[in-house]
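Chemist: Just passing along the structure, written as structure tokens.
The values are calculated or read from the model by the stated rules, or taken from the named source; none is laboratory data. All values derive from a computational prediction rather than experimental measurement. Cβ placement follows ideal geometry from the backbone for every residue including glycine, while neighbour counts extend to all protein chains displayed.
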Amino acid sequence: MTDLGPDPTRLPEALTEQEAEAFAARHGLEQVGVRPTLGSYLRDLWRYRHLAWSMARGEFVSQHRDNYLGLLWAVLNPIMLGVAYYLIFGVLLDLKRDVDNFIAFLTIGLFTFVFFSAALTSGAKALLGKVSVMRSLAFPRVLLPLVVVLSGFVSNIPAFLVLLLIALATGEPVTWSWLLFPVALLVVAAMGLGMAMLVARVVHAARDLANVVPLVVRLLRYVSGVFFSIEARVAAIDDAPVWLGPLLEFQPGAVALTIVRQTLMSGLPLDGTTWAVACGWAAFFLLTGFLVFWRAEGTYGRT
Amino acid sequence: MAAPDTDRAPAGTSDEGRTPSVVCSHVSITYRVYGVGREENDAEGSVRRLLSRSTRGVGVREVHAVRDVSFVAYRGESIGIVGRNGSGKSTLLRTIAGLVPPTSGSLWLGGKASLLGVNAVLMPQLTGRENIWIGAQALGLTPAQVRARFDDIVDFAEIGDFLDLPMASYSSGMGARLRFAISTAVTPDILVVDEALSTGDAHFRARAQERITQIREAAGTVFIVSHSDKTIKSMCTRALWIDEGRLLADGAPGPVNGLYARKYGRHRQVWRQRFEEAARIEEVEGPEAAARYLRRWERRTAP
């Protein structure tokens, strides 16, 4: 009799799990918190494409709104970094002797790498940093890594335009291969997006790994030939194993920089192998990144 | 809905010609809190405590916010959720809105859910205009549809000149109005209102109430969390009482509020004594006498 007292002991009766499932199915309800099929996930993604664009714009604005110079910093920052790198690595360590046009070589590598690494680091925070958004709005969660990469790409467009000016100013001839410059950047963006999706999922599953991402990015910066020519440096090692050169040159970070350089620098002609490897990496990361991210859809937001 | 103290079939075993919109089956939600370490144990020896202090900030604690909650909600119902602060109401609502997947158990929804809560921060650095675009597109509107409804949303929110200022500069009332206007821009099948009405002034509450009635009449389901008896009684056709993550009562608002008040209301001590007395009578004179004893107060809580 006391079951309705201050501490009710009898809980409201409930359907069993099987009954509930049959009941929901009978009325055509949709289960939430489960992974959608790949096809419907892709359809959702397409349906929400306008939202992706609005969110990228929002991300972009909120990153550049808080200071007076705003978007100018997206150009100023890599330029200042470029000057510092030029003095330290180019002049002090004399790495500029390996390359004909070191200024263009360095700035193209640096600006591309800044975008590429930002995709990785912001991809790591794409889910964990957006928990409040996930808790208020429902949309395919893959938009979150997509949005940070999209916004990163857009905010780097002025820097990419500056690269054209630098190439002109340092005496590179304008050739048909310049038309491939945006294509190369898109290949890099695709690679970065794939990695961002991959990292976002991994960090969401094991958040401590977020601490490792900056370390990986830093290592990548040193092994990708941002400020030195891998070819020339490996050749300078007397007893380098044969696999060392290709390993360093064809890893994703290095080919990303190389294909962009090849479109603007006459000293580095377009090379089919490098492009094929770059496109291969881009396709590989895009595909695995998307699949890996999709596999855990329906668990994001649970912390 | 029958009063909770009569034996009734589990909700939904008979369809009664109604269409369910939410089937919640044995849903439990656990979330992890990071960096808080294990629970402190004062009984530990002082040496051991000293040793464990160095690792206190490390580790994860699990919080069982919702435990084994089951119910079925129908179209046209407006369901009030009562319970103390921290009893798991908001967590449950976020799951009902399809935003946080349940840790165990299953949830089925019939249609699009929209959450409206004080915590549902859109993006504070962005302007009201940008937030309207993002929020409305997340509800599945196309850009053309957003454009068509944009003025309605702004009118309802009454934010005037603040439209192009960041939401961080809004007063809490303005923010609540804007969120409400966005969340109801599309008539959702399931509207989840998490204490969002309490921040507004009387004028806003009146208009919000009209909007909620419209949604219910359009055969939607509305969930409302409120700490006000009056709100629950005037706006809801059914109430759920959640206590420490468990669903303790499910039924008409009057009786459920009565049960809740027995445990936490002004007369909680009186009620505790009465039920202790009833338990004593049951032991001595049998359940009949105890029921007779309790019937004396029945009319006052269950009109």
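Chemist: Does A:Phe284 satisfy the condition of being surrounded by fewer than 22 Cβ atoms within 10 Å (Cβ to Cβ), farther than 30 Å from A:Ala169 by Cβ and under 17 Å from the mean Cα position of the chain (by Cα)?
Modeler: yes
Chemist: Only one of (1) of a type in the set (Phe, Trp, Tyr); (2) surrounded by fewer than 19 Cβ atoms within 10 Å (Cβ to Cβ); (3) modelled with pLDDT of 90 or more is not met by A:Tyr68, so which one is it?
Modeler: For A:Tyr68, the exception is condition (3).
Chemist: Moving on. Scan (1) closer than 30 Å to A:Ser54 by Cβ; (2) crowded, with 24+ Cβ neighbours inside 10 Å; (3) in contact (Cβ under 8 Å) with a residue 24 or more places away in the chain for the single condition B:Ile81 breaks and write down its number.
Modeler: Condition not satisfied by B:Ile81: (1).
Chemist: Only helices (runs of 4 or more DSSP H) wholly contained in the stretch A:108-225 count here; list those with 3 or more residues that are closer than 30 Å to B:Ser114 by Cα.
Modeler: A:131-134, A:143-169, A:180-205
Chemist: Would you confirm whether any residue within the stretch A:117-125 is among the β-branched types (Val, Ile, Thr), surrounded by 17 or more Cβ atoms within 10 Å (Cβ to Cβ), away from every other protein chain (no Cβ under 14 Å) and over 26 Å from B:Gln137 (Cβ atoms)?
Modeler: Scanning the stretch A:117-125 turns up at least one residue that is among the β-branched types (Val, Ile, Thr), surrounded by 17 or more Cβ atoms within 10 Å (Cβ to Cβ), away from every other protein chain (no Cβ under 14 Å) and over 26 Å from B:Gln137 (Cβ atoms).
Chemist: Separate question: Taking the condition of a type in the set (Phe, Trp, Tyr) and under 26 Å from the mean Cα position of the chain (by Cα), does B:Trp108 pass?
Modeler: It is true that B:Trp108 is of a type in the set (Phe, Trp, Tyr) and under 26 Å from the mean Cα position of the chain (by Cα).
Chemist: Right, next: May I ask you to verify whether B:Ile159 is away from chain A (no Cβ under 11 Å), buried (at least 20 other Cβ atoms within 10 Å of the Cβ) and out of contact with any strand residue (DSSP E or B) (no Cβ under 7 Å at 6 or more places or on another chain)?
Modeler: Criteria met by B:Ile159.
Chemist: Look through B:Arg207, B:Arg280 and report the one residue that is over 15 Å from B:Gly83 (Cβ atoms), surrounded by fewer than 19 Cβ atoms within 10 Å (Cβ to Cβ), within 14 Å of another protein chain (Cβ to nearest Cβ) and over 14 Å from the mean Cα position of the chain (by Cα).
Modeler: Just one listed residue meets the conditions, B:Arg280.
Chemist: For the structure I just gave you, tell me whether B:Leu107 is buried (at least 23 other Cβ atoms within 10 Å of the Cβ) and either more than 23 Å from B:Ile224 (Cα to Cα) or modelled with pLDDT of 90 or more (or both).
Modeler: In short, yes.
Chemist: Let me ask something else about it. Filter the stretch B:1-33 down to the residues that are in a loop (DSSP other than H, G, I, E, B), modelled with pLDDT of 50 or more and of a type in the set (Lys, Arg) and list them by number.
Modeler: Scanning the stretch B:1-33 gives a single hit, B:Arg18.
Chemist: Sticking with this structure for a sec: Inside the stretch A:158-187, can you point out the residues that are among the β-branched types (Val, Ile, Thr) and over 11 Å from A:Leu264 (Cβ atoms)?
Modeler: Within the stretch A:158-187, A:Val162, A:Val183, A:Val187 qualify.
Chemist: For A:Ser54, work out the one condition from (1) surrounded by 17 or more Cβ atoms within 10 Å (Cβ to Cβ); (2) under 30 Å from A:Thr299 (Cα atoms); (3) in contact (Cβ under 8 Å) with a residue 12 or more places away in the chain it doesn't fulfil.
Modeler: (3) is the only condition that A:Ser54 fails.
Chemist: Let me ask something additional. With the requirement that a residue be at pLDDT 90 or above and among the hydrophobic types (A, V, I, L, M, F, W, C), what does the stretch A:22-65 give you?
Modeler: A:Leu38, A:Leu42, A:Leu45, A:Trp46, A:Leu51, A:Ala52, A:Trp53, A:Met55, A:Ala56
Chemist: When you look at A:Gly109, is it within 23 Å of A:Leu198 (Cα to Cα) and either among the small types (Gly, Ala, Ser) or surrounded by 20 or more Cβ atoms within 10 Å (Cβ to Cβ) (or both), yes or no?
Modeler: No: the conditions fail for A:Gly109.
Chemist: Search the stretch B:165-195 for residues being assigned to a strand (DSSP E or B) and not hydrophobic (A, V, I, L, M, F, W, C), and hand back the single one that is farthest from the chain's Cα centre (by Cα).
Modeler: Ranking the candidates gives B:Pro166 first.
Chemist: Please verify whether A:Val114 is touching a residue at least 12 places away in the same chain (Cβ under 8 Å), more than 22 Å from the chain's Cα centre (by Cα), more than 14 Å from chain B (Cβ to nearest Cβ) and more than 30 Å from B:Thr91 (Cβ to Cβ), treating the condition exactly as stated.
Modeler: no
Chemist: With the structure loaded, tell me whether A:Asp94 is buried (at least 16 other Cβ atoms within 10 Å of the Cβ), out of contact with any strand residue (DSSP E or B) (no Cβ under 6 Å at 6 or more places or on another chain) and not basic (Lys, Arg) or whether it fails that test.
Modeler: So A:Asp94 does not fit the description; no.
Chemist: Report yes if B:Leu99 is within 9 Å of another protein chain (Cβ to nearest Cβ) and not in a loop (DSSP other than H, G, I, E, B), otherwise no.
Modeler: It is false that B:Leu99 is within 9 Å of another protein chain (Cβ to nearest Cβ) and not in a loop (DSSP other than H, G, I, E, B).
Chemist: Name the single residue, out of those in the stretch A:196-248 being of a type in the set (D, E, K, R), surrounded by 12 or more Cβ atoms within 10 Å (Cβ to Cβ) and at pLDDT 90 or above, that is farthest from A:Cys279 (Cα to Cα).
Modeler: Restricting to residues being of a type in the set (D, E, K, R), surrounded by 12 or more Cβ atoms within 10 Å (Cβ to Cβ) and at pLDDT 90 or above, the top hit is A:Arg201.
Chemist: Assuming A:Ala278 fulfils every condition listed in (1) surrounded by 14 or more Cβ atoms within 10 Å (Cβ to Cβ); (2) among the aliphatic types (A, V, I, L, M); (3) more than 22 Å from the chain's Cα centre (by Cα) apart from one, which condition is it?
Modeler: (3)
Chemist: Looking at B:Leu92, B:Leu139, B:Leu122, which one is under 16 Å from the mean Cα position of the chain (by Cα), aliphatic (A, V, I, L, M) and under 19 Å from B:Val193 (Cβ atoms)?
Modeler: B:Leu92
Chemist: When the stretch B:160-199 is examined, which residues are found to be more than 22 Å from B:Glu130 (Cα to Cα), at pLDDT below 85 and not charged (D, E, K, R)?
Modeler: B:Val193, B:Leu197, B:Ser198, B:Thr199 - these are the residues of the stretch B:160-199 that are more than 22 Å from B:Glu130 (Cα to Cα), at pLDDT below 85 and not charged (D, E, K, R).
Chemist: Being modelled with pLDDT under 90 and more than 14 Å from every other protein chain (Cβ to nearest Cβ): is that true of A:Leu137 here?
Modeler: When the stated conditions are applied, A:Leu137 does not pass them.
Chemist: When you look at B:Gly140, is it part of a helix (DSSP H, G or I) and either closer than 26 Å to B:Gly111 by Cβ or away from chain A (no Cβ under 12 Å) (or both), yes or no?
Modeler: So B:Gly140 fails the test.
Chemist: Out of B:Ser70, B:Ser114, B:Ser90, report the one residue that is facing chain A (nearest Cβ under 10 Å), hydroxyl-bearing (Ser, Thr, Tyr) and over 15 Å from B:Val225 (Cβ atoms).
Modeler: Residue meeting the stated conditions: B:Ser70.
Chemist: Scan the stretch A:60-81 for residues that are part of a helix (DSSP H, G or I) and in contact with a Phe, Trp or Tyr (Cβ under 8 Å, 6 or more places away or on another chain) and jot them down.
Modeler: Passing the criteria: A:His64, A:Pro78.
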